[in-house]
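Enquirer: Once you've had a glance at the structure underneath, I'll fire off some questions.
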Amino acid sequence: MHPVLDDLITLLQLERIEDNIFRGESRDIGSAQVFGGQVLGQALSAAQHTVDNRVVHSLHAYFLRRGDMEAPIVYEVDRARDGGSFSSRRVVAIQHGRPILNLAASFQTPEPGLEHQASMPEVPGPDDCDDILEVQSELVQKMPQAMRRHMADKRAFEIRPVVQQRQPGVVNKNVWIKTVDALPDSHTLHRNLLAYASDYELLGAATLAHDLDFVDDGLIMASLDHALWFHRELRIDEWLLYSIDSPNASGARGFARGQFFNQAGELLASTAQEGLMRVVDNPNSKRSDPKLQG
């Protein structure tokens with residue numbers, strides 16, 4: 001397996017300290033704080049370690065503080081409920097004695113039922129799209145050097161944006177994504193990695209209507225919360241279309257939502273996020289990537 005992907009899988013597995021307490025490390029992706037998707041994926045992993053024979057179908061999280069990459073993160077799991085079909089878990093991620101993330105997740109015993117879904121957007125396939133480093137070369141050049149190096153050499157995911165012209169009022173984008181190598185057959189692993197990857201690209205859609213990018217001077221962005229629903233079995237080592245739109249921005253907050261489709265057009269998961277999106281005249285404070293934890 002590709003060493004960067006193997007390292008990410010190890011990162012999400014966590015060390016068990018007690019029955020309901022786990023510890024995780026962090027990886028530097030060139031940002032000033034821990035990547036929010038990492039904390040999200042690790043918190044989900046902690047919850048999964050306390051559930052048997054049930055599959056996560058939804059999670060809701062709040063980012064409370066920036067994560068420190070130099071310190072371990074402790075995850076405390078509350079086994080809130082185990083019912084006949086569903087299990088609920090609450091997770092608190094802690095650093096330096098303070099919570100940095102709260103997460104609630106629900107797990108279900110798989111069962112059949114009624115089905116319908118939204119249609120997949122008609123866009124070019126991944127074979128007709130170029131890597132993000134080529135498509136967004138000007139944006140990549142504006143990134144901090146450490147982040148550019150990570151994008152070039154240390155990615156666990158292939159990312160191919162669907163090229164579209166920016167237009168006033170257009171607040172949607174589509175991105176093909178998959179892991180850089182094949183993965184074992186484990187629904188837990190694939191869902192953990194989707195949780196991690198769902199924090200890529202999402203909040204950035206809220207800037208499209210304003211002709212801004214997260215690297216622009218005067219724009220301060222940080223994720224505030226994150227929700228994710230798993231609808232069907234998925235493989236993240238096969239190309240998935242991440243279709244994102246932003247129906248609203250107001251009160252210095254942007255809101256974005258996304259859908260993951262496989263190439264057969266099946267809707268596999270949906271996600272939503274709200275984040276700080278503040279424009280300032282003289283940005284002296286730390287500016288955050290919209291993909292990073294606030």
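Enquirer: Would you kindly state how much longer the chain becomes between Ile17 and Asn102 on full extension, computed as 0.36 nm times their sequence separation minus their alpha carbon distance, in nm to one decimal?
Expert: Details: separation 85, 0.36 × 85 = 30.60 nm, distance 1.92 nm.
Using 0.36 nm per residue and subtracting the Cα-Cα distance, I get 28.7 nm.
Enquirer: Another question about this same structure. Compute the convex hull volume of the Cα atoms of segment 182-268, divide it by the residue count, and report the result per residue in Å³ as a whole number. Show your work: numbers first, answer last.
Expert: Numbers: hull volume 10.0 nm³, N = 87.
Expressed per residue, the convex hull around the Cα atoms of segment 182-268 is 115 Å³.
Enquirer: Evaluate the charge dipole of the chain about its Cα centre and quote only its size in Debye, nearest 20, assuming +1 on the Cβ of each Lys and Arg and -1 on the Cβ of each Asp and Glu.
Expert: Values: 29 positive and 41 negative charges, 183 e Å.
In total the dipole reaches around 880 debye.
Enquirer: Springs between alpha-carbon pairs under 10 angstrom, Gaussian network model over the chain: which of Gly204, Gly125, Gly251 fluctuates most?
Expert: Fluctuation is largest for Gly251.
Enquirer: Here's another thing I want to ask about it. Please report Leu183, Leu228 as a ranked list, fewest other C-beta atoms within 10 angstrom at the top and most at the bottom. Please report the intermediate quantities before stating the final value.
Expert: Values: Leu183 17, Leu228 25.
In order of increasing Cβ crowding within 10 Å: Leu183, Leu228.
Enquirer: Taking H as built 1.01 Å from N, whose amide H comes closer than 5 Å to the amide H of Leu219, not counting residues under 5 places away?
Expert: The answer is Val280.
Enquirer: Can you sort Thr109, Thr179 so the residue with the fewest Cβ neighbours within 10 Å comes first? Kindly include the intermediate steps, with their values, before the conclusion.
Expert: Values: Thr109 12, Thr179 23.
By the 10 Å Cβ count, ascending: Thr109, Thr179.
Enquirer: Return the FRET efficiency for the residue pair Tyr62, Val279: r is the Cβ-Cβ distance, R0 is 22 Å, and the value is rounded to the nearest 0.05. The partial results should precede the final answer.
Expert: Details: r = 23 Å, r/R0 = 1.07.
Computed FRET efficiency for Tyr62 and Val279 comes out at 0.40.
Enquirer: Taking H placed 1.01 Å from N in the peptide plane, check which residues at least 5 places from Asp225 or on another chain put their amide H under 5 Å from its amide H.
Expert: Residues meeting the criterion, in which the H sits 1.01 Å from N, are Phe63, Glu274.
Enquirer: Which ordering of Val279, Val135 is given by a fewest-first count of other beta-carbon atoms within 10 Å?
Expert: Val279, Val135
Enquirer: Moving on. Work out how much length Asn53 to Ala227 would gain on full extension: take 0.36 nm times their residue separation and subtract the Cα-Cα distance, in nm to one decimal.
Expert: 60.4 nm
Enquirer: Let me ask you something else. What 222 nm value per residue comes from the helices of the chain, counting each DSSP H run with n ≥ 4 as -39,500 (n - 2.57) and dividing by all residues, nearest 500 deg cm²/dmol? All intermediate terms of the calculation are to be shown ahead of the outcome.
Expert: Working: 6 runs with 54 residues, N = 294.
When only DSSP H runs of four or more count, the value is -5000 deg cm²/dmol.
Enquirer: Here's something else I'd like to know. Between Asp211 and Glu25, what is 0.36 nm times their sequence separation minus the Cα-Cα distance? Round to one decimal in nm. Write down the numbers at each step before the final one.
Expert: On the way: separation 186, 0.36 × 186 = 66.96 nm, distance 3.62 nm.
Working it through step by step, the gained length comes to 63.3 nm.
Enquirer: Please give the residues of segment 229-259, grouped as numeric ranges, whose backbone N is less than 19 Å from a label point set 7 Å along the Cα-to-Cβ vector of Asp131.
Expert: Label zone hits: 237-240.
All of the numbers you see were taken from the coordinates with simple rules; none came from a lab. Source: prediction; values computed, not measured. So basically every Cβ, Gly included, is an ideal-geometry build from the backbone, and we count neighbours across all protein chains shown.
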